[in-house]
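Visitor: Got a structure here, written out as structure tokens. Questions coming.
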Amino acid sequence: MPTSPLRVGVVFGGASGEHAVSIRSALTVIQALRATENQERFEVIPLYIDRDGRWWEPTVAQRALDQNRALDANDLPQPLPAPGLRHWPVDPDTVDLWYPVLHGPNGEDGTVQGLFTLMNKPFVGSGVLGSAVGMDKLAMKAAFAAAGLSQVPYVGLNATDLEDPEQREQLLTRLEQELGYPCFVKPANLGSSVGITKACNRDELLAGLHQAAALDPRLLVEQGVKARELECAVLGRRHLRASVVGEIRFDADWYDYETKYTEGRSHTLIPAPLPASVSQQIQAMAIRACHAVNAFGQARVDVFYDETSGQIWLNEINTLPGFTSQSMYPTLWEATGIPLPQLVAELVDTAQE
Ligand SMILES: Nc1ncnc2c1ncn2[C@@H]1O[C@H](COP(=O)(O)OP(=O)(O)O)[C@@H](O)[C@H]1O
Ligand SMILES: [Mg+2]
């Protein structure tokens, strides 16, 4: 007797700077869920969140997918409701499992995970805690430090620390003494390198701090390291598995927004040319990083590796990694022996564990 397919609600788009990438990721996920080998297992119910956070039903969602672009006010059914989640676009009982494909704030940060938890439905990826901790670089680094994981030296601060001129001068002196130059200034809660600057002197440091402070009340400054950038994908729930390690190479001083999103400015090496022992250390570190923040289901862990000293530093965890056909996460699993249709099926299975 054939069983009826599992109805998977794929939610994509979102009120985040990574809206467009989310649409491309959703296209890849949905195509894989609808692949021949999965056809009888899953029925996809796509839901689209516009840039203002309104949730839209499958017919509108399918339009965003078909056009592979953000739908703006003119493309959406009128009259437009107020921004934000106003009503649930489908009967919640017609969805068996949720699959969020949202990057950045309002989706990767525990908000949507909280909603699914309240609905009492399984969903792909980390829960509220892992998503929220993974999103905020200060919370993430505190959790990594508590787990004894190696990271570059850093200082966390609040935007308000810059207000008083005297306090600001003291802070700059402290940053110079503790971290030196070059250093990297980051807003705690963005992504895609948005708001990050490299500072090589006090003027650049102050300018970077003001720029980051305009985007986020929580900031951090990190000692700059000269290192290779490596990434490892993690999959599973009770038992986490790590993929082969991949490397990003780029023709820029560092991996800034422009370099990330300009065709031909970067390329990947999969697997990364590394001694086996280094790969194994990074894989073990990736799993420990997930445990440290309570991330599960899927995660991509990024590290810095200085081949001269052999030092490995954990950089960050992404609990809802990019999932376009070119993205590192699915590519790393493909290279590890898990093709895309099997990967999405395993992610769904993991959510049901
Ligand atoms: N401490 C550091 N030393 C050297 N390069 C860094 C450092 N921190 C960040 N970078 C560069 O900036 C990029 C983006 O930083 P990251 O913390 O990964 O932010 P995002 O979450 O936006 O990807 C990194 O890929 C790397 O090229
Ligand atoms: Mg990064």
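The values are calculated or read from the model by the stated rules, or taken from the named source; none is laboratory data. Note that the coordinates shown come from a computational prediction; the quantities given were computed from them, not determined experimentally. Cβ coordinates were reconstructed from backbone atoms using ideal geometry, including for glycine residues, and neighbour counts include every protein chain displayed.
Visitor: Looking only at strands (runs of 3 or more DSSP E) that fall completely inside the stretch 153-229, which ones have 2 or more residues that are within 10 Å of ligand 1 (Cβ to nearest atom) and either surrounded by 15 or more Cβ atoms within 10 Å (Cβ to Cβ) or in contact (Cβ under 8 Å) with a residue 60 or more places away in the chain (or both)? Walk me through how you get there before you give the answer.
Guide: Values: elements: 154-158, 183-187, 197-199, 218-223.
Strands (runs of 3 or more DSSP E) meeting the threshold: 183-187, 197-199, 218-223.
Visitor: Conditions: (1) more than 16 Å from ligand 2 (Cβ to nearest atom); (2) small (Gly, Ala, Ser); (3) closer than 23 Å to MET285 by Cβ. ALA188 meets all but one. Number of the miss?
Guide: (1)
Table: residues versus (1) closer than 22 Å to LEU240 by Cα; (2) without any contact (Cβ under 8 Å) to a residue 24 or more places away in the chain; (3) in contact with a strand residue (DSSP E or B) (Cβ under 6 Å, 6 or more places away or on another chain).
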{"site": "ASP66", "(1), (2), (3)": "no, yes, no"}
{"site": "ALA70", "(1), (2), (3)": "no, no, no"}
{"site": "LEU76", "(1), (2), (3)": "no, no, no"}
{"site": "MET119", "(1), (2), (3)": "no, no, no"}
{"site": "GLY125", "(1), (2), (3)": "yes, no, yes"}
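Visitor: Further, regarding this structure: Would you mind telling me which numbered condition in (1) without any contact (Cβ under 8 Å) to a residue 60 or more places away in the chain; (2) under 20 Å from the mean Cα position of the chain (by Cα); (3) on the phi < 0 side of the Ramachandran plot LEU80 fails?
Guide: Here LEU80 meets the rest and fails (2).
Visitor: A follow-up question, please. Tell me which helices (runs of 4 or more DSSP H) are completely within the stretch 252-353 and hold 3 or more residues being more than 16 Å from the chain's Cα centre (by Cα), or say none if there are none.
Guide: Fully inside the stretch 252-353 and qualifying: 276-293, 328-336, 340-352.
Visitor: Continuing with this model, one more query. If you go through the stretch 299-353 one residue at a time, how many are over 26 Å from THR111 (Cα atoms), of a type outside the set (Ser, Thr, Tyr) and either in the same structural domain as GLU231 (by TED's automatic domain parsing) or in contact with a Leu (Cβ under 6 Å, 6 or more places away or on another chain) (or both)?
Guide: Of the residues in that region, 9 qualify.
Visitor: Only residues that are out of contact with any helix residue (DSSP H, G or I) (no Cβ under 7 Å at 6 or more places or on another chain), away from ligand 2 (no atom under 16 Å from the Cβ) and either over 22 Å from SER279 (Cα atoms) or touching a residue at least 60 places away in the same chain (Cβ under 8 Å) (or both): list them for the stretch 234-256, please.
Guide: The answer is ARG238, ASP251.
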